[in-house]
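Everything below concerns the one structure shown next.
Bear in mind these aren't lab numbers, they're just calculated from the coordinates by the rules spelled out. In this text the structure is predicted, and so the values were computed from the model without any measurement. Positions of Cβ are backbone-derived with ideal geometry, glycine not excepted, and every protein chain shown enters the neighbour counts.
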Amino acid sequence: MITRRGAIAAGAALAGVAAGPPLLAEAANLIEVSARPGATTGTLRFNGQAYPCAVGRSGILHPKFEGDGGTPAGTFALREVRYRPDRISAPKSGLPVYKASPSDGWCDDPEDPAYNRIVHMPYQTDAETMWRDDGLYDVLAVIGYNDAPPIPGVGSAVFLHVARQVGAGLGPTTGCVSLKIENLLTVLAACAPGQMIRIA
C-alpha cells in the first residue's frame, strides 16, 4: 500500500531531476552551487568565476518537502527572470525577463491547484508576496524545481535571488539560493536560453 508520505517522497525524487535538454546539463556553462552538509552558505561557480552564496536554513536537502527550509539538490532549468522596475533597470540576460507587479504572489499551499505557480495578490489561500520591502526579490531567477508539473508537498517558490546581508556575511534563505545583487546581475547577464543550475 502506498502511503501519502511515500507518494510525496517518490515525487520529491522526481522533482530533483530537471526538465530540460540533457546536453545543457553537461555543458561547461552549467551554474554549480555547492555547500557543506548542513551549511547555510556555500559557493556558486559560473562562467569561470566563484561567488559566495547562501542556501536554505536547513542546508541543501534531498528529498525536499514544503516548509522544511532546505534548498533542493538536483539539476534544474532557470525558467525566467523577474525584477522590480521601480528599483532597478531591466537586467540583461539570455533568459526571458519580466517586470514584476505589486500584485504578484507565489502559491505555497499544496492543496491549491495553483501550487508553485505565480498568482495575483490578495490570493484565496497561502501565497508569498513577491513585491517585498526588504529588496530580496528586487531581481530573481525562477529555478525550475517541482514545476513540470508541481507535485503537492514537495516544495515551492525556489528562486535565485538577492541575498540578505547579516553582518559581514550572508543570511540563510528559506529554501532558495541567494547572491549579493552585483554578483546576481553578473550571473544573470551570462545566462543563456535554457540555462541549467546544479545544486549539490
What nm value, rounded to one decimal, do you get for the distance between Arg45 and Tyr98 when each label is placed 7 Å out toward the C-beta? 3.3 nm
Beta bridges per DSSP with both ends in the stretch 57-175, % antiparallel, nearest 5: 75 percent
What's the longest uninterrupted piece of the chain once you rule out the GluC sites (Glu not before Pro) that are loop residues per DSSP with at most 15 other Cβ within 10 Å? 112-200
Taking the Cα centre of the chain as origin, sum charge times position over the Cβ atoms of Lys and Arg (+1) and Asp and Glu (-1), and report the length of that vector in debye to the nearest 20. 500 debye
I need Val55, Val154 ordered by Cβ neighbour count within 10 Å, fewest first. Val154, Val55
Could you name the aspartates and glutamates whose alpha carbon sits less than 15 Å from that of Lys64, not counting residues in the same chain fewer than 8 places away? Asp108, Asp147
Measure off 7 Å from each Cα along the Cα-to-Cβ vector at Asn29 and Asp126, then give the distance between these two points in nanometres to one decimal. 3.8 nm
Give the percent of DSSP beta bridges with both residues in the chain that are antiparallel, rounded to the nearest 5. 70 percent
Sequence neighbours fewer than 8 away in the same chain don't count; with that in mind, list the lysines whose C-alpha is under 17 Å from Lys180. Lys92
The simple spin-label model distance between Asp86 and Arg117, using points 7 Å out along Cα→Cβ, in nm, is 2.7 nm
Can you tell me the mean projection area, over all orientations, of the convex hull of the chain's alpha carbons? Units nm², please. 11.2 nm²
Going by how many other Cβ atoms sit within 10 Å of their own, how do Ser103, Ser34 line up, fewest first? Ser103, Ser34
